[in-house]
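*Asks:* Here it is: the structure, laid out below.
The values are calculated or read from the model by the stated rules, or taken from the named source; none is laboratory data. None of these values were measured; they are calculated from a predicted model. Ideal geometry is used to build each Cβ from the backbone, glycine not excepted, and the neighbour counts take in all protein chains shown. We work out accessible area using only protein heavy atoms, side chains counted, and drop any ligands, DNA or RNA first. Shrake-Rupley method; radii C 1.70, N 1.55, O 1.52, S 1.80 Å.
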Amino acid sequence: MENNSVSIFYSYSHKDEKLRDDLETHLSLLLRKGLISSWHDRCISAGQEWATEIDNNIRSADIILLLVSSDFIASEYCYGKELAIAIDNHEANKSIVIPVILRPTDWEGAPFAKLQALPADAKAVTSWSNYDEAWLNVVKGIKKSITQRIELKNRMKKSTGLRSMNDLLERFVDKLEHQNNSESECLISGLETGITDLDMLIDGLHSSQLITIASRPNMGKGDLALNIATHAALSNKLPVAYFTMTMTAEQLTQRLVSSVSSIDSYSLSRATLDDDQWARTSASIGLLLESPLYIDESIFSTVEELRKKCIELYSVQKLKLVVIDSIQHLNPSNSIQGNVTISIPKQLKNLARELNIPIIITSSVPIEIEKRVCKRPILSDLSECHELEDFSDTVLFIYRGEVYNEDSDKLGQAELIIAKEMSNKLGIVTVNYNSNNYNFRTYEKNKR
């Protein structure tokens, strides 16, 4: 049975009780609909131990509202005790913590400062000319988190238990009928990569899949991963989390602008642009500003750290794709099943299933390949990366002959070698690749 309700805990100073009552009033429709249940310390009955009741309710809450004011920050109990529990719950993905700024105060550097606050632009409720408009803005933000929390709770529930073939086949037929009746001209059922020939071969990227893009250095595996992420975020407006462990966010931003504008990175980095290029650069920046693409430049993260960030972003945006560049820079975590440490590829596959979205990971291919006459990678080349071949649903290698032979007659071309795919649709897709602006494109003859 689906759970369509979330529990809300109010952490507040008693000096802000009137403002808390106002917020409760504006949330009353959600309460009437059964979408929320709420709790604060005024709910404690005579004879109950107040400290125990507060502790139990804050630890079990789905959403914790921090009603921020100078009195909240000055309160030893609110700031010293409740806030610590709230942040611990948030970081463990047990709760969503939402700061609601009631009155103007200095909260820079507070433990909750990294969280998205309400109302819009963190403008205190009492600073609005119309309080009702301020509360409406707050309620809209809370409603969004409620919906996402319910979806996440139900998906986590559905990950356990046996399901009948009747249920599974009914859903499968519904999906077929939906696609058959769809007015869309899209010929693939998965998330588009932006490379038509590749999409037609693998049917796009599908939910819960782990996709590995692997190659030797200088083949462009990071560029291909970034191209796919950019296409999803710009063309389809899908929220994407991109974890770059091989370059800074600033370096990646320059690559993004270069790729989207199709202006070579050398000219862009030196700003030696003509009028047309300046216009294209400006247009590209505008597109990227509006895109739901999120960049994380943390070095040597663990899968568990990535998981927390993804779930946190999912609670704000409905995350549709995760890209990780690269698996060699991920640190092992302490994830253990039984007495066996779970491998990084298995943890990533589990995360893809938990979030029900595709995850792309890039990987290098061992140097031993250079000793072979034929330097095209094969599936067994991934054997050194523990279990990567086993847990990847799709393995895609990149090969560019011009890296080994500058006189190659295939300059500006690359081969995308599908070495593993769930439906066993293996093959080679020829694409155009421009290393100057980092772009992979659907193949066009005589085009670099």
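*Asks:* Given that just one value was derived from the coordinates, which of (i) 78, 65, 58; (ii) 84, 60, 47; (iii) 94, 59, 41 is Cα extents along the principal axes in Å?
*Replies:* From the options (i) 78, 65, 58; (ii) 84, 60, 47; (iii) 94, 59, 41, the structure gives (ii).
*Asks:* Here is a follow-up. Order 206-212, 140-146 from most to least packed using the mean count of other Cβ atoms within 10 Å.
*Replies:* Per-residue Cβ counts within 10 Å, averaged per peptide and sorted highest first, yield 206-212, 140-146.
*Asks:* Further question on the same structure: So how far apart, in nm, are the two label points at ASP132 and ILE367 if each is 7 Å from Cα heading toward Cβ?
*Replies:* Result: 7.1 nm between the two label points.
*Asks:* What ranking do 258-270, 41-53 get when scored by the average of other Cβ atoms within 10 Å per residue, highest first?
*Replies:* 258-270, 41-53
*Asks:* Once the Cα atoms of helix 344-355 and of the chain are each reduced to a long axis, what angle between those two axes, in degrees from 0 to 90 to the nearest 10, is obtained?
*Replies:* 60
*Asks:* In addition: Using the heavy atoms of the protein chains alone and a 1.4 angstrom probe, what is the accessible area of the chain per residue in square angstrom?
*Replies:* Per-residue accessible area for the chain comes out at 51 Å².
*Asks:* To the nearest 0.05, how large is the calculated FRET efficiency for SER189 and LYS144 if R₀ is 30 Å and r is the Cβ-Cβ distance?
*Replies:* 0.60
*Asks:* Another question, then. Placing unit charges on C-beta atoms (Lys and Arg positive, Asp and Glu negative, everything else neutral), compute the dipole magnitude of the range 166-302 about its Cα centre in debye, rounded to 20.
*Replies:* For this selection, approximately 520 debye.
*Asks:* At a 1.4 Å probe radius, carbon and sulfur cover how many percent of the accessible area of the chain?
*Replies:* On the chain, the fraction of accessible area on carbon and sulfur atoms equals 50 percent.
*Asks:* What's the ranking of 347-355, 363-371 by average number of surrounding C-beta atoms within 10 Å, highest first?
*Replies:* Packing order, densest peptide first, comes out as 347-355, 363-371.
*Asks:* Angle, helix 165-181 long axis vs. longest principal axis of the chain, Cα atoms, 0 to 90°, nearest 10?
*Replies:* With both axes taken from Cα atoms, the answer is about 70 degrees.
*Asks:* For the range 20-127, divide the Cα radius of gyration by the Kirkwood radius and give the resulting Rg/Rh value with two decimals.
*Replies:* 0.95
*Asks:* In addition: What does the charge dipole of the chain about its Cα centre add up to, to the nearest 20 debye, if the Cβ of each Lys and Arg holds +1 and the Cβ of each Asp and Glu holds -1?
*Replies:* Details: 49 positive and 61 negative charges, 118 e Å.
In debye, rounded to 20, the chain gives about 560.
*Asks:* Using the alpha-carbon atoms, what tilt in degrees (0 to 90, nearest 10) does helix 221-234 show relative to the longest principal axis of the chain?
*Replies:* Orientation of helix 221-234: about 50 degrees from the principal axis.
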